[in-house]
Amino acid sequence: MKKILYIIAVVLGLGINANAQDVETISLRVPEFARPLIENWAHEYQKTHPTLNFEFIKGKADAARVIELTTDDDAISFARYAILPVTTKDSEAARLTSHRLNTRKLRSLFFVNDEEDDEELTDAQQKIHIYTGNSQLSASRLYASYLHQDVTDYKGKKISGDDAFLTTAISRDPLGVTVNYLSNIFDLESRQPGSTLALLPLDLDKHGRQVIENANLDDIIQLLEEHNYDEIPVGNIGFAYNHADMAMNDFVNWVLTAGIKDLHCYGMLALSQNELTAQLQRIASRDLAQN
């Protein structure tokens, strides 16, 4: 009897080890503003792919199989981000920036420019404190690039770490202003700006001004999916990974076919149908290239 129990235990042990060896691990390197969305996707995907494990890594941590979130042109795009300038409610900065800002005034507000550009601002407005991030995918970097400025030309203070710290910084400074992603500005449950935050008014058309003034996340997403404004940076974000790895290819394909329904919930804009089709074709062509 003991011999039989021993054999059963050995067989079960071998089965457990075999199952453990069958589990694949894919590492995900994503900035914090997008992490809740990607975590949701990983959780949903694992429901039908139980032998696939996802781990989130930071910085330059080494990993054998990595999917990285990036704005590079060669990435497989799955969504679009938007960036808005923001301050705190009832602050001195909110009062000083109460007039609508066009791109010229935004450049003057955020960046060190020549004296002619600085004339766009009043003496009081020039005292505003600008807070910017310095991480690789900081909204501040993308905002500067969009306005054809260098990150070294930002006025004010650079904050290390995640862009979420930018909203904390301006909440402590009555003259503080920054730029950030929608998901860092808005409460994803109430769909309104965080309790202390207020959007800066922008020089848009009548409908656009009203939408920004009302500050509802869903309305802003719809506005920016339908209209382009020089004052609001919008760009593609996607995944960079080894396309020869079929497990990673399959996950990204699932994101573009099933996961995209969650984009608005997490403050992201959807790709146009034509662009989405083009991204799926890129995945398919890479798949065929490996066969």
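Figures for the structure shown
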{"read-out": "Odd one out for Lys60, checked against (1) surrounded by 13 or more Cβ atoms within 10 Å (Cβ to Cβ); (2) in a loop (DSSP other than H, G, I, E, B)", "value": "(1)"}
{"read-out": "Meets criteria (modelled with pLDDT of 95 or more, surrounded by fewer than 18 Cβ atoms within 10 Å (Cβ to Cβ), under 20 Å from the mean Cα position of the chain (by Cα) and more than 15 Å from Ile83 (Cα to Cα)) for Glu226", "value": "yes"}
{"read-out": "Unmet criterion (only one of (1) surrounded by 20 or more Cβ atoms within 10 Å (Cβ to Cβ); (2) closer than 30 Å to Gln281 by Cβ; (3) modelled with pLDDT under 95; (4) not basic (Lys, Arg)) for Ile159", "value": "(2)"}
{"read-out": "Number of the exception - Ala164 against (1) modelled with pLDDT under 95; (2) within 26 Å of Gln126 (Cβ to Cβ)", "value": "(2)"}
{"read-out": "The listed residue being surrounded by 16 or more Cβ atoms within 10 Å (Cβ to Cβ) and in contact with a strand residue (DSSP E or B) (Cβ under 6 Å, 6 or more places away or on another chain), out of Ser108, Ser77", "value": "Ser77"}
{"read-out": "Pair list, Cβ < 6 Å and 6+ apart or interchain, from region 187-215 residues that are surrounded by 12 or more Cβ atoms within 10 Å (Cβ to Cβ) to residues that are acidic (Asp, Glu) and not in a loop (DSSP other than H, G, I, E, B)", "value": "Arg191/Asp218; Val211/Asp219"}
{"read-out": "Residue within region 116-139 that is open to solvent by 70 Å² or more (accessible area, probe 1.4 Å) and either in contact (Cβ under 8 Å) with a residue 60 or more places away in the chain or within 30 Å of Asn274 (Cβ to Cβ) (or both) present", "value": "yes"}
{"read-out": "Test result for Phe251, of a type in the set (Phe, Trp, Tyr), crowded, with 16+ Cβ neighbours inside 10 Å and in contact with a Ser or Thr (Cβ under 9 Å, 6 or more places away or on another chain)", "value": "no"}
{"read-out": "Conditions (1) open to solvent by less than 20 Å² (accessible area, probe 1.4 Å); (2) out of contact with any Ser or Thr (no Cβ under 6 Å at 6 or more places or on another chain); (3) part of a strand (DSSP E or B): number failed by Glu68", "value": "(1)"}
{"read-out": "Leading residue by the ranking (nearest to Leu256 (Cα to Cα)) among those in region 72-102 that are hydroxyl-bearing (Ser, Thr, Tyr) and modelled with pLDDT of 95 or more", "value": "Ser77"}
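The values are calculated or read from the model by the stated rules, or taken from the named source; none is laboratory data. Keep in mind it's a predicted model, so treat the numbers as computed, not measured. Note: ideal-geometry Cβ built from the backbone for every residue, glycine included; neighbour counts use all protein chains shown. The accessibility values were calculated without ligands, DNA or RNA, using every heavy atom of the protein model including side chains. Shrake-Rupley method; radii C 1.70, N 1.55, O 1.52, S 1.80 Å.
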